[in-house]
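What follows is one structure encoded as structure tokens, with my remarks underneath.
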Amino acid sequence: MTRSRQRSGVVIVAVVWLVVGCEPQPQPKDDEPEPQPEIVVVEAPKPAEDDRDAKPVSPVDFFGSWPGEVEYDSFDLMWLGGDDEIELREEPQEDAEVVGVAGWRDGEEFHWRETMVRIDTPRAYESLEDFELEATPYDEEFGQLEAEDIVVDVEAGQKLFAYRYAGEYGCYLGVEQQVVYADCPADQVGVDPEKFDGIDAGEKWTGEHRQWWVMVDGEDGEGWFRADDAPLEVHPRVVEGYDDGLQPPF
């Protein structure tokens with residue numbers, strides 16, 4: 001019995017040695033090639049040729065202005081909302097905080113403090129030729145023209161955006177991602193008055209979509225509301241007196 005156990009032990013050891021001896025051995029470290037760091041070259045995307053003028057500068061606010069200002073000295077507002085009241089906002093923004101309400105007797109003309117037109121979508125034109133546009137940059141933050149004029153080289157096929165007609169054939173234009181004041185470039189963009197029947201110069205050179213806001217005194221203080229979204233009538237005022245009552249031109 002004792003001899004048999006010893007023989008079995010020898011066989012087991014031999015088998016274990018053979019199994020271990022058959023395992024693949026790792027190569028010497030010196031024979032392995034060193035991994036090379038991967039170099040990734042990231043190139044900045046090249047802007048399209050028309051990126052500089054493809055998108056208008058929008059929206060743009062013009063404080064102290066109102067639709068039809070080039071034809072009349074001022075305007076009065078008449079309330080046609082009956083006993084309804086209108087919300088007043090802290091700023092001329094749709095999402096601004098409501099700071100109060102205002103209401104007037106039906107048919108009453110009421111006083112306004114400030115007026116502002118926001119151009120949401122300017123009117124797009126395309127230049128037919130190369131030309132130089134002599135212009136004055138418009139400071140959107142302060143709502144005024146800058147002191148020094150510039151010259152913008154406009155190429156044929158380049159986009160121009162009409163924001164607001166300022167009278168006397170002057171326009172606020174969007175060009176090369178900035179707003180400027182310049183002579184309306186009618187010839188350069190092919191604006192022919194005969195092709196715009198029923199549309200005056202103000203419409204040709206004013207944005208396609210706009211908001212008109214006015215500030216008034218409410219029950220709890222002053223605030224803004226959209227005049228083009230309210231039940232009222234506009235009375236353009238001239239030196240000689242009143243013109244016929246007009247609805248807001250929107």
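The values are calculated or read from the model by the stated rules, or taken from the named source; none is laboratory data. Remember, it's a predicted structure, so these values are computed and weren't measured experimentally. Ideal geometry is used to build each Cβ from the backbone, glycine not excepted, and the neighbour counts take in all protein chains shown. Only protein heavy atoms, including side chains, enter the accessible area calculation; ligands, DNA and RNA are left aside. Shrake-Rupley method; radii C 1.70, N 1.55, O 1.52, S 1.80 Å.
Filter the range 104-138 for residues that are closer than 21 Å to residue 231 by Cα and touching a Pro at 6+ places or on another chain (Cβ under 7 Å); which is surrounded by the most Cβ atoms within 10 Å (Cβ to Cβ)?
Among those that are closer than 21 Å to residue 231 by Cα and touching a Pro at 6+ places or on another chain (Cβ under 7 Å), it is 117.
Where strands (runs of 3 or more DSSP E) fall wholly inside the range 109-197, the ranges with 2 or more residues that are hydroxyl-bearing (Ser, Thr, Tyr) and in contact with a strand residue (DSSP E or B) (Cβ under 9 Å, 6 or more places away or on another chain) are 114-121, 131-139, 159-167.
With the structure loaded, tell me whether residue 101 is assigned to a loop (DSSP other than H, G, I, E, B), of a type in the set (Val, Ile, Thr) and open to solvent by 30 Å² or more (accessible area, probe 1.4 Å) or whether it fails that test. For residue 101, the condition - assigned to a loop (DSSP other than H, G, I, E, B), of a type in the set (Val, Ile, Thr) and open to solvent by 30 Å² or more (accessible area, probe 1.4 Å) - is not met. Within the range 145-158, the presence of a residue that is closer than 21 Å to residue 69 by Cβ and either surrounded by fewer than 15 Cβ atoms within 10 Å (Cβ to Cβ) or in contact (Cβ under 8 Å) with a residue 40 or more places away in the chain (or both) is excluded.
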